[in-house]
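For reference, the structure is listed below as structure tokens.
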Amino acid sequence: MDALTALATRRSTRKYKAEQIKDSELEIIMQAAQASPCGKNAYSDLHISVIQNPEILKNLSEFCGKEMGTPQFSPFYNSPTLIIMSAKPKADGQLVYVADVGCVMENMQIAATEIGLGCVYLWAMLNRIPQDPKFVETLNLPEGFKAISALALGYPETPLVERSLADLKQSRIQTQIIK
Ligand SMILES: Cc1cc2nc3c(=O)[nH]c(=O)nc-3n(C[C@H](O)[C@H](O)[C@H](O)COP(=O)(O)O)c2cc1C
């Protein structure tokens with residue numbers, strides 16, 4: 001699959017098989033993350049945590065579900081792998097670190113699509129508990145970092161349908177071309 005086909009094919013996956021992804025697949029996702037652009041080359045202000053431990057995932061799911069008022073609902077859809085992207089907020093208040101995280105997230109999503117994995121970008125769960133000390137402790141984040149976004153990752157229950165960019169609705173984002 002080429003990059004444009006992967007862009008068109010990507011869809012948020014919210015049903016996963018329980019089977020864990022292969023280490024070789026995770027490695028590709030991590031390589032794709034490393035290929036992301038980053039404002040001012042500040043890669044050292046970014047941090048990736050990959051959680052595949054079933055007990056930690058179960059506790060996290062229960063904790064986040066409760067915080068969100070939906071204790072039975074897994075905010076990451078019981079995916080067997082959960083990637084948490086964290087960043088160090090800038091001293092000058094610039095929000096570029098959030099954009100940096102977004103770039104890494106998208107690279108990982110496109111790579112996942114290309115190798116037949118399902119994924120979904122998660123914000124709600126982290127937005128509710130960004131500073132929870134127990135959660136931050138689990139992630140073992142460097143001092144001053146905070147969790148910004150998460151990616152559920154796994155084999156989709158239903159494989160994604162391959163699409164081309166031409167198949168997509170072109171009006172999702174209002175666009176004006178000024179010549
Ligand atoms: C910044 C961001 C935050 C999102 N947060 C969530 C979330 O917390 N839970 C969820 O199920 N989907 C979340 N999504 C996925 C969007 O709902 C989804 O991308 C959008 O509806 C378009 O559908 P598609 O991804 O299938 O094209 C998020 C997407 C982005 C980019």
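The values are calculated or read from the model by the stated rules, or taken from the named source; none is laboratory data. All values derive from a computational prediction rather than experimental measurement. No Cβ is skipped: glycine too gets one built from the backbone with ideal geometry, and neighbour counts run over all protein chains shown. The area values use the complete protein model at the heavy-atom level, side chains included, leaving out ligands, DNA and RNA. Shrake-Rupley method; radii C 1.70, N 1.55, O 1.52, S 1.80 Å.
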>> Out of A18, A8, I need the residue that is in a helix (DSSP H, G or I) and either touching a residue at least 60 places away in the same chain (Cβ under 8 Å) or of a type outside the set (D, E, K, R) (or both). Which one?
In response: A8
> How do the pairs read when you match residues in the range 105-122 that are part of a helix (DSSP H, G or I) with residues anywhere that are near the ligand (Cβ under 10 Å from one of its atoms) and among the basic types (K, R), using Cβ under 7 Å and keeping only pairs 6 or more apart or on different chains?
Replying inline: Q109/R10; I110/R10; T113/R10
>> Going residue by residue through the range 12-34, is there one that turns out to be within 13 Å of the ligand (Cβ to nearest atom) and either open to solvent by 60 Å² or more (accessible area, probe 1.4 Å) or more than 21 Å from Q109 (Cα to Cα) (or both)?
In response: yes
> Of the residues that make up the range 126-146, is at least one outside any helix (DSSP H, G or I) and under 17 Å from R11 (Cβ atoms)?
Replying inline: no
> Considering M68, M105, M85, which residue is near the ligand (Cβ under 10 Å from one of its atoms) and buried (at least 16 other Cβ atoms within 10 Å of the Cβ)?
Replying inline: M105
>> Please determine whether any residue of the range 148-166 is within 11 Å of the ligand (Cβ to nearest atom), open to solvent by less than 90 Å² (accessible area, probe 1.4 Å), among the polar types (S, T, N, Q) and outside any loop (DSSP other than H, G, I, E, B).
In response: yes
